[in-house]
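Q: What follows is a single structure, and I will ask about it in a moment.
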Amino acid sequence: MSDQQSDAARQLRQRAEEKARQLGVIDLQSLSPEETQQMLHELRVHQIELELQNEELRRTQHELEISRSRYFDLYDLAPVGYLTLNEQGLIKEVNLATATLLGTERKNLLKRPISSFIFPDDQDRYYLQRKKFLETHEVQDRQIRLLRSDGSPLWVRLLAAPLHNGEYGITIINITERKRIEEALIKSEESIQHQNNLFSTLLNNLPIGVFMAEVPSGKPLVVNDAAVQLLGREIIPDASRQNLAEVYKAFKQGSHQPYPAEEMPILLGMKGVRSHVDDMVIERPDGSEVLLEIIGSPVKDEQGKIWASLVNFSDITARKAAENELKETKNLLSLFIKNSPVYAYIKEVNSSTSRVVMASENFQEMIGIPGSKMTGKTMQELFPPEMAAKIFADDKAVVTGNKILLLEEEFNDHYYQSIKFPIIQGKKTLLAGYTIDMTERKRAEKVLRESFERLANVLDNIDALIYIADMETYELLFVNAYGRKTWGSYLGQKCWSVFQKDQNGPCAFCTNEKLLNKDGQPTGVHAWEFQNTANGRWFDCRDVAIPWTDGRTVRMEIATDITERKKTEEELITLTKAAESANTAKSQFLANMSHEIRTPMNAVVGLIELLLNTELNREQREYAELVKISGKNLVELISNILDLSKIEAHKIELEEACFNLNHVMNGTMALFTLRAKEKGLNLRTEIAPDVPLLLKGDVGRLRQIITNLVSNAIKFTERGSVALHISKEKEDDQHAMLRFQVEDSGIGITAVKIEEIFQPFTQADNTTTRRYGGTGLGLTIARQLAELMGGTVGVVSQENVGTTFWFTAVFTTQSERRRAPRNLILAKEATESPFSSIIAPPGNRILIAEDDLTNQLMIKTILGKFGYQVDVANNGAEALNLLEKADYALVLMDCMMPVLNGFETTAVIRDPTSAVRNHAIPVVALTAKAFKEDRASCLAAGMDDYLAKPIDIKKVLAVLEKWVTSCPISAGEN
């Protein structure tokens, strides 16, 4: 019998003896023999019953041991992984299957956090799920990737359920193979679905071409024999909806530009539109062209979804050619004659007169009769006798002499130039002619001469050198009065010998080659500056190639003396350097002021947080809340002024980091869920389907702009909704420009004020500041950040209706591409206090290195309220002394302290030769400097994380939760 069974038997006997004493002692001598016999019988029965009960107890215990052994065998040998986590998230129990899945031994898993076995890319998702589990204590079922010992990912189904005593159990099911099968099944189903709709026994017997493309990619799916013959090529695998026109060399009839995508039947079919065109030309590989008539329609599945676009087409080249030839033959001559911009005509000439056969309508302008009414009339019927006789004589000379006649004549105060020539029609010779009204040209030549004289007079009065030189011979053709006065009158001489000193040939810096392209055509104005070798003065030169009066191309140069401007520019450079030095001093002053203001503000905001967690009456709480809001507004103003100062000094540098746009927008918009709910506003986010999600860029600055615009929208909207829409403006192989648009149904902005709101410290109305608060810096910073990101900012608003702010930004696209769902559901709204579930793990001691006594008190009090043990060091030297004597879970390190500052102290902590007990202890910076480079400096110095003053309690607790785990406190000194 085991010791446990012996103890149970002794306890049972003790209870029985106690019961017997309570019932009293039986006098056996007073009993009769029958009673004694009966008592002995009862005792014997009880004895047997006890023996049977003991036997049953031993059998039950044996079965329990067997069942327990079987349970552990099942637990350990189960085909799925099981593990148990304690309250701190450390692995307490784990079966063999889990170790096998992770490719390690079971001992390597025990007492380690499960987060260390989560695949790096899934860490954020795991922490969100773990947080939800700890908040709700509901069973969680998620698919996630674990990290095997060889570094490879393992897809698993993770089921988490709460157990007793704060522990919880995890079931791990390997779904890697299922994932692979699912992907293969999807591809197989798509292939089968497409194949069922592709093939038809009649397809290759049709006399017309058939072409089908996949939706939405535009990938060709099928082409029949007739289509191949018409197109002159087989199916092209690389074709897509973006390049169909280029790949198949399709263009509009009469143009060699790619056929417009919005008119292509194959692409219209992808949009569900039926179409019919007869003007598409296809250029075959052999260079021949075919004109097609195309009918297009969408192909839908049983649910009415468009999955392909189908077109059938036929060659109408011959038909169109015949129609066009007939039409052209019928109309060409008539249109040419009747609509000629000159006076055109055809005459029949005999021995006595010439008669009009056809004439252009514009004869109405010349003789008052349109061409259509001149048909059949003789020259005698149209012109005065003397003129008619001369015209007939000229016509007869052309026909009989078979020659071309060019002449000029005056009629009704107009000057005309005519050309007449014979045309043979069968056995008959006709006369064709053109007459051009030269009146305006004659007048223009006169005006041109007068204009040239006036222009020369103007050029002579310009205080700059203006000259014109032949581009081949360098001969001076014109020099204005300024040039003649300065260099003398040297028309006909070489420009380089007149304007330069000691020059024996064309100047090396001559601009002739820059003024003409390879085809000899002018390239426009060429601007340059030059210091003259003859007089040493500086000139701003503008050179251009122009046609000269005789048709040749010449170079004209306008050279303005800018010697004095050059001196002014040198002075401006000196002043600019001085201004930049002043700006640098301003930036340093602002940074120092930020540190000096943030340090006391840290205490103010922190102590107000503590005060709000005490028993206050309504009036006291209202005052405290106002102080808290004012403090945070002051910090925000400081940050905005610093940002604006850095932008103006061109010291903002954008980061280039990979991010998922969907995750970033969800996280950013989730910050506003509670505020929107408090105001009863509908808050939503929409990302267009064609927006790339995996991007590279400065995600922090993107959040800053979005946060500013959404915060403003909620602030100025009392009812209705606030929506963020994200769409794609344009995209190439490496970059995408996205458009972010924040729409609200708020108070709106007047048209007069819209142009002003992007100016620093400006709001739409002075009453806006009084009612809603704000500094007027947010939109200025948003605009300048958007411009730094390669975009711009705009706003559209209607007073009392709503406002839409938008901005664009350029991002680098990652190689792996995914598309977003059209509508995103934001994260679940937070309804509990951010501190309600945060309790420090037992036995965790925090060291605060801070020289400001008020901040010491504030931080120590806050952490004490959440169960942390806190020690305080007034400088880095004291902190090192404490770290040499005791173990701490984490150090909150002020960067600016006497004796040893935070950076110097951290260097000693990380030095393996120092006396510090734990060189790997988490060190979190506490600093009043809030720039990105300040955070980078802290991390570069060996610190693990960063908190900017004034301290936000939620951020402090989040950092502690991230870095602090249970660890024993040593017996060293405090």
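Q: Out of the residues in the range 348-361 that are in a loop (DSSP other than H, G, I, E, B) and open to solvent by 30 Å² or more (accessible area, probe 1.4 Å), which is modelled with the lowest pLDDT? Before you say what the answer is, go through the steps one by one.
A: Residues of the range 348-361 that are in a loop (DSSP other than H, G, I, E, B), as a first pass: 350-353, 360-361.
Subset that is open to solvent by 30 Å² or more (accessible area, probe 1.4 Å): 350-352, 361.
Numbers: N350: 89, S351: 84, S352: 86, E361: 81.
Per the stated criteria, the residue is E361.
Q: Then there's this: Would a scan of the range 608-619 turn up a residue that is closer than 20 Å to L857 by Cβ, in a helix (DSSP H, G or I) and at pLDDT below 75?
A: There is no residue in the range 608-619 that is closer than 20 Å to L857 by Cβ, in a helix (DSSP H, G or I) and at pLDDT below 75.
Q: Given the criterion in contact with a Ser or Thr (Cβ under 9 Å, 6 or more places away or on another chain) and surrounded by 13 or more Cβ atoms within 10 Å (Cβ to Cβ), identify the matching residue among L110, L146, L102.
A: L102 is the lone residue from the list that is in contact with a Ser or Thr (Cβ under 9 Å, 6 or more places away or on another chain) and surrounded by 13 or more Cβ atoms within 10 Å (Cβ to Cβ).
Q: Moving on. Looking at M374, M379 in this structure, which one is closer than 24 Å to L335 by Cβ, crowded, with 18+ Cβ neighbours inside 10 Å and in the same structural domain as I424 (by the TED database)? Let's see the steps before the verdict.
A: Values: M379 fails: closer than 24 Å to L335 by Cβ.
Among M374, M379, only M374 is closer than 24 Å to L335 by Cβ, crowded, with 18+ Cβ neighbours inside 10 Å and in the same structural domain as I424 (by the TED database).
Q: Any idea how many residues of the range 135-153 are under 17 Å from L83 (Cα atoms), over 33 Å from the mean Cα position of the chain (by Cα) and in contact (Cβ under 8 Å) with a residue 40 or more places away in the chain?
A: 1
Q: With the requirement that a residue be farther than 15 Å from M270 by Cα, open to solvent by less than 30 Å² (accessible area, probe 1.4 Å) and at pLDDT below 80, what does the range 201-221 give you?
A: L203
Q: Continuing with the same structure: Condition (residue is within 30 Å of Y415 (Cβ to Cβ) and of a type in the set (V, I, T)) applied to the range 494-502: is it met by at least one residue?
A: No, the range 494-502 contains no residue that is within 30 Å of Y415 (Cβ to Cβ) and of a type in the set (V, I, T).
Q: So, one more: Which of the residues spanning the range 543-563 are more than 13 Å from F530 (Cα to Cα) and either in a strand (DSSP E or B) or at pLDDT 85 or above (or both)? I'd like the intermediate steps shown before the answer.
A: Just the residues of the range 543-563 that are more than 13 Å from F530 (Cα to Cα), to begin with: 544-556.
Within the range 543-563, V544, A545, I546, P547, W548, R552, T553, V554, R555, M556 qualify.
Q: Pick out the one residue from L159, L146, L154 that is in contact with a Lys or Arg (Cβ under 7 Å, 6 or more places away or on another chain) and in a strand (DSSP E or B).
A: L154
Q: Still on this structure: Out of G426, G488, G483, report the one residue that is assigned by the TED database to the domain that holds I367 and either open to solvent by 90 Å² or more (accessible area, probe 1.4 Å) or at pLDDT below 80 (or both).
A: G426
Q: Just one of (1) at pLDDT 80 or above; (2) open to solvent by 50 Å² or more (accessible area, probe 1.4 Å) trips up N412, so point out which.
A: If we test N412 against (1) at pLDDT 80 or above; (2) open to solvent by 50 Å² or more (accessible area, probe 1.4 Å), just (1) comes out false.
Q: Which of the residues that make up the range 80-103 are of a type outside the set (A, V, I, L, M) and either assigned to a loop (DSSP other than H, G, I, E, B) or closer than 14 Å to S149 by Cβ (or both)?
A: N86, E87, Q88, G89, N95, T98, T100, G103 - these are the residues of the range 80-103 that are of a type outside the set (A, V, I, L, M) and either assigned to a loop (DSSP other than H, G, I, E, B) or closer than 14 Å to S149 by Cβ (or both).
Q: Still on this structure, please answer the following. Identify all residues within the range 46-77 that are open to solvent by less than 80 Å² (accessible area, probe 1.4 Å) and at pLDDT 75 or above; write none if there are none.
A: Passing the criteria: I48, N54.
Q: While we're here: How many residues are aromatic (F, W, Y) and within 19 Å of the chain's Cα centre (by Cα) if we restrict to the range 650-680? Talk me through it step by step, then tell me what you get.
A: The initial filter retains those residues of the range 650-680 that are aromatic (F, W, Y), namely 659, 672.
Still in the running and within 19 Å of the chain's Cα centre (by Cα): 659.
Number satisfying all stated conditions: 1.
Q: Output the number of the condition that V139 fails; it satisfies all remaining conditions of (1) out of contact with any Leu (no Cβ under 9 Å at 6 or more places or on another chain); (2) open to solvent by 40 Å² or more (accessible area, probe 1.4 Å); (3) of a type in the set (A, V, I, L, M).
A: Unmet condition: (1).
Q: Report, by residue number, each residue of the range 672-701 that is aliphatic (A, V, I, L, M), part of a helix (DSSP H, G or I) and either touching a helix residue (DSSP H, G or I) at 6+ places or on another chain (Cβ under 7 Å) or not assigned by the TED database to the domain that holds N662 (or both).
A: Once the filter is applied, which keeps residues that are aliphatic (A, V, I, L, M), part of a helix (DSSP H, G or I) and either touching a helix residue (DSSP H, G or I) at 6+ places or on another chain (Cβ under 7 Å) or not assigned by the TED database to the domain that holds N662 (or both), the range 672-701 yields A676, V699.
Q: Is there a residue being part of a strand (DSSP E or B), among the β-branched types (V, I, T) and either open to solvent by less than 40 Å² (accessible area, probe 1.4 Å) or assigned by the TED database to the domain that holds L230 (or both) anywhere in the range 244-256?
A: no
Q: State whether one or more residues within the range 856-872 are among the small types (G, A, S), open to solvent by less than 10 Å² (accessible area, probe 1.4 Å) and modelled with pLDDT of 85 or more.
A: no
Q: Continuing with the same structure: Which ones in the range 113-126 are surrounded by fewer than 17 Cβ atoms within 10 Å (Cβ to Cβ) and assigned to a helix (DSSP H, G or I)? Quick ask: steps written out before the conclusion?
A: From the range 113-126, those surrounded by fewer than 17 Cβ atoms within 10 Å (Cβ to Cβ) are 113, 115-116, 120-121, 123-125; that's our starting set.
S115, S116, P120, D121, Q123, D124, R125 - these are the residues of the range 113-126 that are surrounded by fewer than 17 Cβ atoms within 10 Å (Cβ to Cβ) and assigned to a helix (DSSP H, G or I).
Q: Can you find a residue that is open to solvent by 80 Å² or more (accessible area, probe 1.4 Å), in contact with a Lys or Arg (Cβ under 6 Å, 6 or more places away or on another chain) and not charged (D, E, K, R) anywhere in the range 450-459?
A: no
Q: Please state which of the following conditions G902 fails to meet, knowing it meets all the rest: (1) closer than 18 Å to G606 by Cα; (2) within 45 Å of the chain's Cα centre (by Cα); (3) modelled with pLDDT of 90 or more.
A: Condition (1) is where G902 drops out.
Q: Looking at L267, is it under 28 Å from N204 (Cβ atoms), crowded, with 18+ Cβ neighbours inside 10 Å and out of contact with any strand residue (DSSP E or B) (no Cβ under 6 Å at 6 or more places or on another chain)?
A: Yes, satisfied.
Q: Search the range 364-400 for residues being outside any helix (DSSP H, G or I) and among the small types (G, A, S), and hand back the single one that is nearest to Y416 (Cα to Cα).
A: Filtering the range 364-400 down to residues outside any helix (DSSP H, G or I) leaves 368-370, 374-378, 383-384.
Restricting the remaining residues to those that are among the small types (G, A, S) gives 368, 376.
Values: G368: 16, G376: 23 Å.
Looking at residues that are outside any helix (DSSP H, G or I) and among the small types (G, A, S), I get G368.
Q: Return the total of residues in the range 887-911 being open to solvent by 50 Å² or more (accessible area, probe 1.4 Å) and either closer than 15 Å to K860 by Cα or among the acidic types (D, E) (or both).
A: Number of matching residues: 2.
Q: Of (1) assigned by the TED database to the domain that holds L476; (2) surrounded by 14 or more Cβ atoms within 10 Å (Cβ to Cβ), I562 satisfies all except one. Which?
A: So the condition that I562 fails would be (1).
The values are calculated or read from the model by the stated rules, or taken from the named source; none is laboratory data. Nothing here was measured: the structure is a model prediction, and the numbers come from that model. As a convention, Cβ positions derive from the backbone with ideal geometry for all residues, glycine included, and neighbour counts pool all protein chains shown. All accessible areas refer to the heavy atoms of the entire protein, side chains included, with ligands and DNA or RNA removed. Shrake-Rupley method; radii C 1.70, N 1.55, O 1.52, S 1.80 Å.
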